[in-house]
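Colleague: This is the structure, below, for whatever I ask next.
Just so you know, all these numbers are worked out from the coordinates, no wet-lab data involved. Bear in mind that the values here come from a model prediction, so they are computed numbers and not experimental data.
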Amino acid sequence: MNWLKNFVRPRFPSVFRDHDDTPDNLWQSCKQCGEMIFHRDLALLQQVCPGCDHHMRVGARERFTQLFDDGAFEKIDVPDVPHDPLKFKDQKRYADRLRDARSKTGDRDAVQVALGTIQGRKSVIAVQDFQFMGGSLGMAAGEAVVTAGQTALENNAPLIMIAAAGGARMQEGILSLMQMPRTTVIVQQLRERGLPYIVVLTDPTTGGVTASYGMLGDIQIAEPGALIGFAGPRVIQDTIKEKLPEGFQRAEYLLEHGMIDMVVHRHKLPETLGRVLGLLMGRPAPETQTA
């Protein structure tokens, strides 16, 4: 509008605003196909692109709302851990990275835990949020997974792990790697009690998470197109000096090669979890009333 004001002097300055007041997050572009989607429509579609069916990343609270009956759940507090024991600094102080991630997500760390019901069954869900420093596994995230397992044991309930991570949190050094055996132990305790442990692998799930609790589920589920592996495909290809197969490390490739049990669309995940829990816990899922 600035060029117009050079010729026509506005009587009402508010008509010719120098700044656009429209929020910049009303529309979101699909990274897969480029389609522009209105944010409310995307929320109704559970962050799944209507054009190409690409499953976008989802935060913890949104996951809880999608999976628990009627979107009702009780958030479980996770004990505090030392936040920056190594006083780590690279291009940026680790303490500053934590502060920025907390401001961005509204959460204390990458893994959040909640208790609710799935098709009438009391269940515990732990969600790993990739938006929080790439979902990296550090002391706080490890403590959250252990807390989720302990909550499941206390309530005699199954544990569902929604995994999304780029690996261990390098800023915590060996303390982050220590979370791999810690989380493995709590999964074993669930197994000894006969409580189901179900893992839902989302895009991406890599590194130390796939080397520990991410691949220890009684049932391994993945969302369509999710990247799942230890090292990334580019690292592998550069190491072995060979071209990798089409779709390597994607959910469908892993299903075809026996690494996971099923690939489930996000819209069908609550129903699928209900059926799986009914199978593993030895009783049918409660029938839902239809109008």
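Colleague: Which whole DSSP H helices in the chain pass both tests: a Cα extent of 15 Å or more along the axis and a mean Kyte-Doolittle value no lower than -1.0?
Modeller: Values: long enough: 94-105 (16 Å, -1.65); 139-155 (24 Å, 0.41); 179-192 (20 Å, -0.53); 269-280 (16 Å, 1.01).
Membrane-span-like by this rule: 139-155, 179-192, 269-280.
Colleague: For mean projected area of the Cα convex hull in nm², which listed value, [x] 22.1; [y] 17.5; [z] 14.1, comes from the coordinates shown?
Modeller: Structure-derived value, by its label: [x].
Colleague: Give me the extension gain from MET36 to GLU256: residue separation times 0.36 nm, minus the current Cα-Cα distance, reported in nm with one decimal.
Modeller: Details: separation 220, 0.36 × 220 = 79.20 nm, distance 3.22 nm.
Contour length minus Cα-Cα distance gives 76.0 nm.
Colleague: Based on the Cα gyration tensor of segment 169-219, what are the three equivalent ellipsoid semi-axes, each the root of five times an eigenvalue, rounded to whole Å and given largest first?
Modeller: Values: eigenvalues 90, 44, 6 Å².
Over the Cα atoms of segment 169-219, the semi-axes work out to 21, 15, 6 Å.
Colleague: Moving on. Taking springs between alpha-carbon atoms closer than 10 angstrom, which of ALA222, ALA165, ALA211 fluctuates most in the Gaussian network model of the chain?
Modeller: Ranking ALA222, ALA165, ALA211 by mean-square fluctuation puts ALA211 first.
Colleague: Among the lysines in segment 58-280, how many pairs, 8 or more places apart or on different chains, have alpha carbons under 28 Å apart?
Modeller: Details: LYS75/LYS104; LYS75/LYS122; LYS75/LYS268; LYS87/LYS104; LYS89/LYS104; LYS92/LYS104; LYS122/LYS268.
Taking segment 58-280 as the scope, the lysine pair count is 7.
Colleague: How far is the Cα center of segment 56-103 from the Cα center of segment 24-53, in Å?
Modeller: 24 Å
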